[in-house]
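Some notes on the structure that comes next.
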Amino acid sequence: MAFFAPDPHLTTNVAHDERFLEHIERAWRVDLTNFVQEGVPKIVFALILAFIFQSIISFFVSRLNKRAGQLVGNAQRSAQLRTMASILRATSYAITGFYLLTQILAALGVSLGPFIASAGVIGLGISFGAQSIFKDMLTGIFILIENQYSVGDTIKIAGLTGVVEDLSLRVTKLRDGDGTVYIVPNSQITTVSNLSRDFAVGTLNISVDAREDPDRVMSVLQALAVQVRKDEAFKDIVISDPNILGVDKISGYEVVYPINVRVMVNQRDGVMRELRRRVLLAFNKEKIAFGSSNSTLIVQSPTPEPASTNSAPPTPASDQPSPSAASPNATT
């Protein structure tokens, strides 16, 4: 029977392993209990807060978009509201994501002290290496607060002109007339020329010959400008009567008469083309000559005839002898 007796060392190892597994099981049970009792409520509470925050943001975003859709006659204000809605949504996502990350790490028992300290050191290093990014974002905030321009506006920034297709805190996207898209960092924007704010003024300089009657020229220009103002195609575009300023410049035989027309934003080119067409027709009908910017006058003198070396110079008629005196044999 002693042959089947258990080995005392084996029995001790098995008992030790069982106690070790029981200790691990007990520790896992305690950690799981603590997580369920403390960690899960924290995560649930964080999710509820995040849901409430996002619901509030979504409500304001939808209201802004709805309000923008109702502003049919004010495209500039509508574009501004849509821009604010998109930036508000993106900012809320970033804040919610960072808040949930910190709460989940805290619920899992991860110490946030080293994490925050490391993030501070990393942020300090990034701030020195990426100053332009922070400058872009700071400039973008002031662009939105001061309402310098919005999506859909035609602007001129950093030497580029185009329509604003997208606006964020870091960059502004422009598309010019030939379809090219320019991405301009906001930190490079020092001066903004907004061509879509309130109204636009079109100026057409008409060059007329200086010998034409100024009063007659101004009368013809005023008449055709009023015709464009009352035209069915332009009566809702031209927002005030055109202004003929008079004689603006005299250069040689050229006199410049400017025409100023106040039109709706982004509608200037069509009115200017129609004015040019009507000026050509009116001047042709009234026989008014256009001026020439070339002030050079070329005068060509007649070419003298070369003198003949073989022929004698002509004798005046008073010095020629009469036929009777020249012939001694003449009869009387």
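Annotation: lysines with alpha-carbon distance below 21 angstrom to K285 (same-chain offsets under eight excluded): K230. Here the gap between S251 and V44, fully extended at 0.36 nm per residue and compared with their Cα-Cα distance, gives a gain of 66.4 nm. A full extension of the chain between R67 and K173 corresponds to an added length of 35.8 nm, given 0.36 nm per residue minus the alpha carbon distance.
Put the Cα centre of segment 42-56 next to the Cα centre of segment 206-269 and the gap is 63 Å.
If we count every other residue with Cβ under 12 angstrom of I57's Cβ, Lys/Arg +1 and Asp/Glu -1, where does the sum land? It works out to a net charge of +2. Full extension of the chain between L88 and A210 gives 37.9 nm of extra length, using 0.36 nm per residue less the Cα-Cα distance. Using a probe of 1.4 Å on the protein chains alone, the accessible area found for L32 is around 110 Å².
The values are calculated or read from the model by the stated rules, or taken from the named source; none is laboratory data. In this text the structure is predicted, and so the values were computed from the model without any measurement. Here the Cβ is made from the backbone with ideal geometry for all residues, glycine too, and neighbour counts use every protein chain on show. The protein model used for the area step is the full one, side chains on, heavy atoms only, and it has no ligands, DNA or RNA in it. Shrake-Rupley method; radii C 1.70, N 1.55, O 1.52, S 1.80 Å.
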